[in-house]
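Let me begin by presenting the structure, written as structure tokens, before commenting on it.
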Amino acid sequence: MSTRRLLLVNGPNLNLLGIREPEVYGTETLADVEALVARTAAESGYEVRAVQSNHEGVLIDVIHAARTDCAGIVINPGGLTHTSVVLRDALAGVALPVAEVHISDVMARETFRHHSYIADVAVVHVVGRGVAGYAEATRALVARLGD
Ligand code: CA2
């Protein structure tokens, strides 16, 4: 039987969700995001391991660990989206389907946010839909996993 678990990864500074910059990222907290993804995944019989870290190496380790016990990864890499070859390599290396989420519309922001090192290793992309985008990404990822 396949593993009915997803890894939810939130990268650097996303622990500040709902606390700072509500005009950009909204008023919902990281706990709200994690509960939303858990609820959404549960609709399809998946459980969720949720991890947020401000440390790139920790993110790499949790992605590697998912290789053997998760079916897919929902990730908002935060600012590492635009800088991190190593995060991209980790995602490519575990060869699990990846859904990339951004709360804000990165293409409408500074040009340095326009490039994503993650985009072409992800099979689902949800950008600029607010926190609700995590639910969209989770549903789209689960739909690709089949039964
Ligand atoms: O829109 C997104 O979800 C981003 O991935 C968020 C990153 C940003 O660097 C990306 O370009 C787009 C920033 C995450 C920081 O989150 C904060 C949340 C609340 C207050 C301050 C930062």
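Restricting to the stretch 116-125, name every residue that is open to solvent by 20 Å² or more (accessible area, probe 1.4 Å) and in contact (Cβ under 8 Å) with a residue 12 or more places away in the chain. Listed by number, the residues that qualify are 116, 117, 119, 121, 123, 125.
Which strands (runs of 3 or more DSSP E) does the stretch 46-117 wholly contain that include 3 or more residues that are away from the ligand (no atom under 16 Å from the Cβ), closer than 22 Å to residue 138 by Cβ and modelled with pLDDT of 95 or more?
Numbers: elements: 47-52, 72-76, 98-102.
Passing ranges, in order: 47-52.
When only residues in the stretch 1-31 that are under 18 Å from residue 100 (Cα atoms) and more than 10 Å from the ligand (Cβ to nearest atom) count, which is most open to solvent (accessible area, probe 1.4 Å)? Within the stretch 1-31, the match that is most open to solvent (accessible area, probe 1.4 Å) is 5.
Yes/no matrix, rows are residues, columns are (1) surrounded by fewer than 16 Cβ atoms within 10 Å (Cβ to Cβ); (2) over 21 Å from residue 21 (Cα atoms); (3) of a type in the set (Val, Ile, Thr):
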site	(1), (2), (3)
62	no, yes, yes
80	no, no, no
93	yes, yes, no
108	yes, no, no
114	yes, no, no
127	no, no, yes
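In the stretch 18-39, the residues that are touching a residue at least 12 places away in the same chain (Cβ under 8 Å) reach residues that are more than 12 Å from the ligand (Cβ to nearest atom) with C-beta atoms within less than 6 angstrom, at least six apart or across chains, in these pairs: 34/50; 36/135; 37/8; 37/48; 37/138; 38/48.
Of the residues making up the stretch 95-106, those that are out of contact with any helix residue (DSSP H, G or I) (no Cβ under 6 Å at 6 or more places or on another chain) and open to solvent by less than 40 Å² (accessible area, probe 1.4 Å) are 96, 100, 102.
The values are calculated or read from the model by the stated rules, or taken from the named source; none is laboratory data. None of these values were measured; they are calculated from a predicted model. Methodologically, a virtual Cβ is constructed for each residue, glycine included, from the backbone with ideal geometry; neighbour enumeration extends over all protein chains shown. We work out accessible area using only protein heavy atoms, side chains counted, and drop any ligands, DNA or RNA first. Shrake-Rupley method; radii C 1.70, N 1.55, O 1.52, S 1.80 Å.
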